[in-house]
Amino acid sequence: MTRSTTLHPPSSAMPGSDFARLSRKIADAGLMGRRPGYYALRITVVAGLYVGGWAAVALIGDSWWTLAVAAFLAVVFGQVALLAHDAAHRQVFRRRRASEVSGRIAGAGIGMGYGWWQDKHTRHHANPNHEDLDPDLDPDLLVWSQDQARAATGLPRLIGRWQAFLFFPLLTLEGFNLHVSSVRSLANR
C-alpha cells in the first residue's frame, strides 16, 4: 500500500504572516470545513432543549423548582449563543442569507442583538488584542493593559487590582452586559 504525502516548504519559507501560515495549515488539514450533519443534530437538540425548558417553566408555574429550570435554561441559552456565534462565522450554512437569518433567530431567542454583536465580533477578529482597534478591549469594568490600569478611576481601578481573581465571577455578568449593549445599540440608531 502506498501513501502519498504532500510536502510543504518549511514555515519560514511560506509567504505571509504567522497567522496566515497557521490559517493555511488549519485549512489544509480540513478543520475549517462545514459539518452539516453535526449542525443539523446540534440545532435540533438545542432547539428541543430550549422548547422543553420553556415548557417546564409553564408547567411548573409559581414554584421554587422554577429556579432549577432557570439554571438549565442558562446553560441552554449559552448553547444558543454559541450557535449564533458559529452562524456569524458562516460555519453552519454556506450562504450568507441563511447564516444571517439563523443568527438573528438565535439572537432573538436569547434577547441579544445579533447585528450589533456580529459587527463588534467581526471588528474584534480583524484586530485581535489591538488596544486601540479591538472593541473587546475597551476599558469598562476590566482593564486590559498597564496604561488602562493607570488611567482607570473608581470601580474599574478597584476591580483592576483584583481582576485576575474576580474574572470568573464577573464573567457570570457578561450575559447581562450583552443584553444592555444590545439595547444601547438599538437606542443609538
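The values are calculated or read from the model by the stated rules, or taken from the named source; none is laboratory data. Given the structure is predicted, the values throughout are model-derived calculations rather than measurements. Neighbour counts run over all protein chains shown; Cβ positions are idealised from the backbone, glycine included. Quick note on the areas: whole protein, heavy atoms, side chains included, nothing else; ligands and nucleic acids left out. Shrake-Rupley method; radii C 1.70, N 1.55, O 1.52, S 1.80 Å.
Looking at this structure, is Gly78 at pLDDT below 90 and out of contact with any Phe, Trp or Tyr (no Cβ under 7 Å at 6 or more places or on another chain)? No; evaluated as a whole, the condition is false for this residue. Has the stretch 10-21 got at least one residue that is in a helix (DSSP H, G or I), at pLDDT 90 or above and open to solvent by less than 60 Å² (accessible area, probe 1.4 Å)? Looking through the stretch 10-21, none of the residues is in a helix (DSSP H, G or I), at pLDDT 90 or above and open to solvent by less than 60 Å² (accessible area, probe 1.4 Å).
If the condition is being open to solvent by less than 30 Å² (accessible area, probe 1.4 Å) and among the aliphatic types (A, V, I, L, M), then the stretch 83-113 contributes Leu83, Ala84, Ala87, Ala88, Val92, Ala106, Ile110, Met112.
Residues that are surrounded by fewer than 14 Cβ atoms within 10 Å (Cβ to Cβ) and at pLDDT below 95 occur in the stretch 51-61; there is at least one.
I'd like to check which helices (runs of 4 or more DSSP H) are fully inside the stretch 76-160 and have at least 1 residues that are among the hydroxyl-bearing types (Ser, Thr, Tyr) and within 17 Å of Val180 (Cβ to Cβ). Spell out the reasoning first.
On the way: elements: 96-110, 114-126, 146-151.
Passing ranges, in order: 114-126.
Restricting attention to the stretch 130-159, the residues being closer than 29 Å to Gly111 by Cα and in contact (Cβ under 8 Å) with a residue 12 or more places away in the chain number 12.
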